[in-house]
Structures are given as structure tokens and as C-alpha cells.
Amino acid sequence: MKGKQQMSATHRAILDTDIGTDVDDLMALALILGTPAIELVGATTVYGDTDLRGRMTKRIAALAGADIAVHAGERSTLSGREVWWAGHEAALYEDLAQERLDGADAVQFLIDTVCAAPGRIDVIAIGPLTNIAAAITRDKRFAAAVRHLWIMGGSFTDDEPEHNLRSDAVAANIVFAAGIPTTVAGLEVTRLISMGNDAVERISSSGSLGKAIEAEIRQWWAFWGTPWNVPHDPVTVLTMTRPDLFRFSVPGSVEILSGAHEGVSRFRPGAGRTRVVEGLDAGAVAEAIVAGITGVPDLARLPNAL
């Protein structure tokens, strides 16, 4: 990533995202860009119009003064489940066609980048797991080369299907069966945090990126008719950079059910390399999200982006 010093980075990471629908993907990207401990070596987009998602990622990175490699990925799910499209994706941005993607094969980018530095690249997966599953099946080296996989998905205390894992249950089961060291933040913990007006006003006051995030948040609130939102994906980023704020399970395995219970997640402690988040310090996590986002330098190169 150009545009940000990475002298103190302790994690080299790829972000795999379905940015543009729920505002939390955008918040996660901003948090990553505002965290010196992360060197974002690239972003991959998944699910639906991945070109549009990629151009939005480019625009948002530019608002933070960053130039990151962005590759568009898999549009359709391995399960065949229809893509859910809210209709407001990237609607707040003008002239996105001028944003040029770095590639149209996110799966190969994941393979090439991870396998070139085995055991050194973290993957943060905050959308359906189609790209990750495709990388695992395309190249047998990939799974063993990932340092750690950080997933937002699932619900491990009830039978509620969660969007990311339900959207492509086939891909999710491929990923969880691959033996990659994995941490999963499910709905039961991400929903302990919410963003309301006070947090949004702090974010908005931080500059061009903050104003873009505020506009996206208020668009999401209007879509659902609520004055708050849950920052699922930023919580997932913090499980990597601030593990002191969380309580984790023992390692085990995860299965995503199909059929009549499609998308329901099951965690079984014991054999396996996956752990789930069992608890968190809600106040500290909420503050870390806002502080990280507002710490992004206001270096927008596109002052008329919105």
C-alpha cells in the first residue's frame, strides 16, 4: 500500500470484502487504513457486482490518501444461492468509472500474494467466502500458506442464519475444512456493539473520509429505518489487532448447515484449528473502532468524490 508508512506494521493483510451494501465493510476498510499495525497489501471484492465494489474500494482508499491494489473477484456463489443486492451500492459516489482496478481475478491475486510469502499474510474475510474457497480449490498451496484467517460470520449461540455464511454455505464449508488457523466473530458478539449519532458525528468530523462514512451510515439507517447500526466487520478487524479486548474459545471445527437449515452455523470444540469469539469489552471495542477510523489522515485526492 502506498501513501501510509508501515514501519510499525505487525500484520500484512489482504481484505476480502463485499463493500457497498452494509456500511460496516466501509468502516472496516477505514479502520484498517487508520491502524499502523496493519499493512494492507491489497483488497479483493466478492459477491455480485465485484467491479463496482472494487471501484468503490479504490475511491475510499483515495480519500485516505492510500493507493492499494484492488482485484475484482467472484460474482456468483458456489452454492448457487442468488446474490442479495440492496440497490444502493456505490450510489453516493460520482464518476466511479475513472477508478481503475488492478485486476479481474481476485482468486489468483490471493493465491499469488499469499504463496509468495507463506506464513506471513493474514486474510480478513468480511463477505461471503466464495473467493477464499476458490483459492483453496484452485491451488493446494494456498491454505497452508495463509498466516491466519479472520472471518466475520455465523451465529454460534442460536440457530439464526448469518448473511455471509448463508450466502455461500458451500464455500464456507470448503474454507472451514481447509485447516487454516481461523478466528470467527459471530453475530452474538458483534451485536454487542452499536454505532449511534454520537459516534457518527465524531467520525464525520475527522475529514473527507469521515464524511463519506457518515453519508453511508445514514443511507444504511434509512434503508433499515433505524438510527443505529452494528459494526460487525470492524469488530472482526480488531480481533486481529486488539486480541486483549476479546475472549476466545478453544480451537475446534465449524460446520455450516444446508437444506432446511441452510446457513445455520455449528461450532464443535476439539479437533480443528478454528476458534470463535465468545466475549468482548463492548465499551473498549466501540471506542477502538471510532478512534481508529478518526485516526486516518485527511489526505483526499478527490475533494468532489461525493
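Please verify whether region 9-24 includes one or more residues that are at pLDDT 95 or above, polar (S, T, N, Q), within 15 Å of residue 149 (Cα to Cα) and crowded, with 20+ Cβ neighbours inside 10 Å. The answer is yes; a qualifying residue exists. In region 28-45, of all residues being surrounded by fewer than 24 Cβ atoms within 10 Å (Cβ to Cβ) and out of contact with any Lys or Arg (no Cβ under 6 Å at 6 or more places or on another chain), the one that is farthest from residue 290 (Cα to Cα) corresponds to 42. If I ask for residues that are in a loop (DSSP other than H, G, I, E, B) and surrounded by 14 or more Cβ atoms within 10 Å (Cβ to Cβ), which ones from region 270-283 would you list? Residues satisfying the conditions are 272, 273, 281. Of all residues in region 204-232, those that are farther than 20 Å from residue 285 by Cβ have Cβ atoms under 9 Å from Cβ atoms of residues that are aromatic (Phe, Trp, Tyr) and surrounded by fewer than 18 Cβ atoms within 10 Å (Cβ to Cβ), 6 or more apart or on another chain, in 221/228.
So that you can scan it fast, the table gives a plain yes or no per residue for (1) modelled with pLDDT of 95 or more; (2) surrounded by 15 or more Cβ atoms within 10 Å (Cβ to Cβ):
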residue	(1), (2)
222	yes, no
227	yes, no
249	yes, yes
263	no, yes
268	yes, no
285	yes, yes
288	yes, yes
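Of the residues making up region 192-233, those that are β-branched (Val, Ile, Thr) and either assigned to a helix (DSSP H, G or I) or in contact with a strand residue (DSSP E or B) (Cβ under 6 Å, 6 or more places away or on another chain) (or both) are 200, 203, 213, 217.
Could you go through region 234-245 and let me know if any residue there is free of Cβ contacts under 8 Å to residues at least 40 places away in the same chain and either in a strand (DSSP E or B) or in contact with a Ser or Thr (Cβ under 6 Å, 6 or more places away or on another chain) (or both).
Pass one, region 234-245, residues free of Cβ contacts under 8 Å to residues at least 40 places away in the same chain: 243-244.
Checking which are either in a strand (DSSP E or B) or in contact with a Ser or Thr (Cβ under 6 Å, 6 or more places away or on another chain) (or both) leaves us with none.
No: region 234-245 contains no residue that is free of Cβ contacts under 8 Å to residues at least 40 places away in the same chain and either in a strand (DSSP E or B) or in contact with a Ser or Thr (Cβ under 6 Å, 6 or more places away or on another chain) (or both).
The values are calculated or read from the model by the stated rules, or taken from the named source; none is laboratory data. Keep in mind the model is a prediction, meaning the values are calculated, not measured. Neighbour counts are summed over all protein chains in view; Cβ atoms, including those assigned to glycine, are modelled from backbone coordinates with ideal geometry.
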